[in-house]
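Structure first, then comments.
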Amino acid sequence: MTHRIEFVAARSARWGALLLAAFLCACSSKNQDVAIVDTEPQVAPVPSGPLKAAEIMQALSNRTFKYTRGPRTGTVTFNSDGTFGYEEVGKGPGTGVWQASDGALCEAFDPTSFMPQGTRSECRPFKTAGGNFFAGSARFEPM
């Protein structure tokens, strides 16, 4: 009788091990059902060439860029409410307002210590190339 119980226990242990192995194999071979979630915000790709106003707004809103305007350089953040803040190398911070129109970026700079009069709104042709954006002579590189 003791041999019978040992045999049944051994057979049950083998079946348990086989079932466990089959279960693990089944789990590991179904990787295609696993989703990896990227928590970084993704920016939609922007088409090359002239852009519509909505595409310009989408490309710039709530993003920070390194900019070059002739000899001037710095960083700028375009806010979705139509304002922007910038830090110009060697001069300091400033603010302004922006808006997009089809094929153009319009900007007005508020008065600062280095630009006491500020500027009126000026619209410049806007395009994208090579992952960068251009408004007239200004170049914006995503950071």
Review point. Filtering segment 59-81 down to residues that are small (Gly, Ala, Ser) and surrounded by fewer than 14 Cβ atoms within 10 Å (Cβ to Cβ), which residue is nearest to Pro125 (Cα to Cα)?
Key: Gly70
Exercise for review: Please go through segment 110-143 and pick out each residue that is without any contact (Cβ under 8 Å) to a residue 12 or more places away in the chain and on the phi > 0 side of the Ramachandran plot.
Suggested key: Gly130, Gly131
Practice item. Filter segment 82-134 down to residues that are touching a Ser or Thr at 6+ places or on another chain (Cβ under 9 Å), of a type in the set (D, E, K, R) and in a loop (DSSP other than H, G, I, E, B), then give me how many there are. Key: 2
**Study point:** Residue check, Gly90 surrounded by fewer than 18 Cβ atoms within 10 Å (Cβ to Cβ) and modelled with pLDDT under 95
**Key:** no
Point to revise | Selection within segment 120-131 - surrounded by 15 or more Cβ atoms within 10 Å (Cβ to Cβ) and under 15 Å from Glu55 (Cβ atoms) | key: Phe126, Lys127, Thr128
**Study point:** Answer residue from segment 62-76, given it is without any contact (Cβ under 8 Å) to a residue 40 or more places away in the chain and touching an Asp or Glu at 6+ places or on another chain (Cβ under 9 Å) and is farthest from Met143 (Cα to Cα) among those
**Key:** Arg72
Review point. Within segment 101-116, how many residues are over 13 Å from Phe84 (Cα atoms) and crowded, with 19+ Cβ neighbours inside 10 Å?
Key: 1
Revision key, fill the gap. Restricting attention to segment 123-143, the residues that are more than 15 Å from Ile56 (Cβ to Cβ) and in contact with a Cys (Cβ under 7 Å, 6 or more places away or on another chain) number exactly 0
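The values are calculated or read from the model by the stated rules, or taken from the named source; none is laboratory data. Owing to the predicted nature of the structure, the values given are computational and were not obtained by experimental measurement. Because the Cβ atoms are built from the backbone with ideal geometry, glycine has one as well, and the counts that use them run over all protein chains shown.
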